[in-house]
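Just below is one structure, and these are the notes that go with it.
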Amino acid sequence: MIFEETVVLTRPFDEALDAVKAAFASVGFGTLTEIDMQKTLKSKIDKDLEGYTIIGACNPKLAARALDVDRQIGVLLPCNVVVRQVGENVVVEVMDPGLMASITGNDDVVPIAAEARQLVNTALETLMATPVLSTEAPG
């Protein structure tokens with residue numbers, strides 16, 4: 001079962017992270033949370049980890065519509081976007097919004113999830129089309 005949409009970027013991690021937030025903002029998703037797993041695991045349990053950030057992205061209009069249909073859908077919000085270093089590349093993974101409809105089994109959520117999926121895909125396409133701004137090695 002595929003539960004995420006994925007793109008691979010060839011740019012420095014910090015630049016990729018900024019580009020991801022900008023691409024999602026351009027389609028109406030704000031950043032509610034940002035968890036730096038590399039820093040968190042290092043400070044909490046002294047574990048080294050490659051660049052790994054989880055962005056909690058939210059499109060308020062879609063979230064409000066989904067909550068109007070099913071108040072319990074909040075456990076599936078916000079949309080998590082993972083930005084992680086893999087060798088020389090940065091992988092961006094986003095949960096497939098269609099899972100909201102599948103998990104709830106509520107047909108009224110289907111059009112909301114479909115719109116969210118379209119916006120997520122647009123953001124990912126933007127990332128793939130955006131030129132690399134820097135040639136620095138990932139760090």
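The values are calculated or read from the model by the stated rules, or taken from the named source; none is laboratory data. This one's a predicted model, so the numbers in the text were calculated from it and none came from an experiment. Cβ placement follows ideal geometry from the backbone for every residue including glycine, while neighbour counts extend to all protein chains displayed. The area values use the complete protein model at the heavy-atom level, side chains included, leaving out ligands, DNA and RNA. Shrake-Rupley method; radii C 1.70, N 1.55, O 1.52, S 1.80 Å.
Assorted remarks:
- Long-range neighbours under 6 Å by Cβ, at least six apart or interchain, first residue free of Cβ contacts under 8 Å to residues at least 60 places away in the same chain and under 16 Å from Thr6 (Cα atoms) within segment 85-104, second among the aliphatic types (A, V, I, L, M) and not in a strand (DSSP E or B): Pro97/Ala113; Pro97/Ala116; Gly98/Ala113
- Test for Val8: is it at pLDDT 95 or above, in a strand (DSSP E or B) and either of a type outside the set (A, V, I, L, M) or open to solvent by 60 Å² or more (accessible area, probe 1.4 Å) (or both): yes
- Every residue from segment 86-108 that is under 16 Å from Cys58 (Cα atoms), aliphatic (A, V, I, L, M) and in a helix (DSSP H, G or I): Leu99, Met100
- Some residue of segment 59-75 being open to solvent by less than 40 Å² (accessible area, probe 1.4 Å), at pLDDT 95 or above and closer than 18 Å to Glu15 by Cβ: no
- Selection of first residues in segment 60-75 that are within 12 Å of Val109 (Cβ to Cβ) and of second residues that are among the acidic types (Asp, Glu), restricted to Cβ pairs under 7 Å at least 6 apart or on distinct chains, gives the following pairs, ordered by first then second residue: Leu62/Glu115; Val69/Asp108.
- Filter pass, Val20 being part of a helix (DSSP H, G or I) and out of contact with any Cys (no Cβ under 8 Å at 6 or more places or on another chain): yes
- Residues (free of Cβ contacts under 8 Å to residues at least 12 places away in the same chain and open to solvent by 90 Å² or more (accessible area, probe 1.4 Å)) located in segment 16-41: Asp18, Lys39
- Matching residues, segment 96-113, being open to solvent by 50 Å² or more (accessible area, probe 1.4 Å) and at pLDDT 90 or above: Asp107, Asp108, Val110, Pro111
This table checks each residue for (1) in contact with a helix residue (DSSP H, G or I) (Cβ under 8 Å, 6 or more places away or on another chain); (2) under 23 Å from Val110 (Cα atoms).
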{"residue": "Leu9", "(1), (2)": "yes, no"}
{"residue": "Ala23", "(1), (2)": "yes, no"}
{"residue": "Cys79", "(1), (2)": "yes, yes"}
{"residue": "Val82", "(1), (2)": "no, no"}
